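The values are calculated or read from the model by the stated rules, or taken from the named source; none is laboratory data. Predicted, not measured: the structure shown is a model, and the values here were computed from it. Cβ coordinates were reconstructed from backbone atoms using ideal geometry, including for glycine residues, and neighbour counts include every protein chain displayed. Accessible surface is based on the protein model in full, side chains and every heavy atom, while ligands, DNA and RNA are left aside. Shrake-Rupley method; radii C 1.70, N 1.55, O 1.52, S 1.80 Å.
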Amino acid sequence: KTTSDEGDVIIVDVRSQARFRGEVEEPRPGLRKGHMPGAKNLFFLDLLNPDNTVRFKPKEELKQIIADAGIPLPLQPPKRVISSCGSGVTACVLLAAFNIVGEDTNQTFLYDGSWAQWGSHSDTPIVKD
């Protein structure tokens, strides 16, 4: 049910830390709390300019934020990143950030079902921490 056991796949969940850790209720009724096993957390708003959230932070700052989240740059094959969020929308912010910093976007993927799909199934493993 997960690819995080493969050393060449990094799952990054861009939901807030509280949602990632399962500390707060999900906004969609019926979803379990927590995150996918092995996932890293990088809140999507951390990539955006706080004074104008339709703009990204500068390129060098983005690189540092991504690296600080445990995502080694540059992404070299076979290393791949799967971006996830609550519904598949804000996960695209991370994908755009990878493009801005010049990463090979062939190594980045969107889990479009995201937590809305994963958290709704009783047989998918979850972690709360």
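Phe109 passes all but one of (1) farther than 29 Å from Glu25 by Cβ; (2) open to solvent by 70 Å² or more (accessible area, probe 1.4 Å); (3) among the aromatic types (Phe, Trp, Tyr); which number fails?
(1)
Just the residues that are of a type outside the set (A, V, I, L, M) and in a helix (DSSP H, G or I), please, taken from the range 102-126.
Scanning the range 102-126 gives Thr105, Asn106, Gln107, Ser114, Trp115, Gln117, Trp118.
Yes/no per residue for (1) touching a Cys at 6+ places or on another chain (Cβ under 7 Å); (2) buried (at least 18 other Cβ atoms within 10 Å of the Cβ); (3) hydroxyl-bearing (Ser, Thr, Tyr); (4) modelled with pLDDT of 95 or more:
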| position | (1), (2), (3), (4) |
| --- | --- |
| Ile66 | no, yes, no, yes |
| Gln76 | no, no, no, no |
| Ser84 | no, yes, yes, yes |
| Leu94 | no, yes, no, yes |
| Thr105 | no, no, yes, no |
| His121 | no, no, no, no |
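Please work out which residue is surrounded by the most Cβ atoms within 10 Å (Cβ to Cβ), limiting yourself to the range 9-54 and to residues that are assigned to a loop (DSSP other than H, G, I, E, B) and among the charged types (D, E, K, R).
Arg15
Gln107 - would you say it is free of Cβ contacts under 8 Å to residues at least 24 places away in the same chain and over 13 Å from the mean Cα position of the chain (by Cα)?
It is false that Gln107 is free of Cβ contacts under 8 Å to residues at least 24 places away in the same chain and over 13 Å from the mean Cα position of the chain (by Cα).
For Asn106, state whether it is more than 20 Å from Asp129 (Cβ to Cβ) and polar (S, T, N, Q).
It is true that Asn106 is more than 20 Å from Asp129 (Cβ to Cβ) and polar (S, T, N, Q).
Residue pairs, Cβ under 7 Å, 6 or more apart or interchain, first in the range 43-57 and in contact (Cβ under 8 Å) with a residue 24 or more places away in the chain, second surrounded by fewer than 12 Cβ atoms within 10 Å (Cβ to Cβ). List them.
Listed pairs, sorted by first residue: Leu48/Arg55.
For the range 82-129, give me each residue that is within 26 Å of Arg32 (Cβ to Cβ) and aromatic (Phe, Trp, Tyr).
Answer for the range 82-129, where residues must be within 26 Å of Arg32 (Cβ to Cβ) and aromatic (Phe, Trp, Tyr): Phe109, Tyr111, Trp115, Trp118.
Mind listing whichever residues of the range 51-81 are out of contact with any Leu (no Cβ under 9 Å at 6 or more places or on another chain), farther than 20 Å from Gly38 by Cα and among the polar types (S, T, N, Q)?
Those that are out of contact with any Leu (no Cβ under 9 Å at 6 or more places or on another chain), farther than 20 Å from Gly38 by Cα and among the polar types (S, T, N, Q): Asn52, Gln64.
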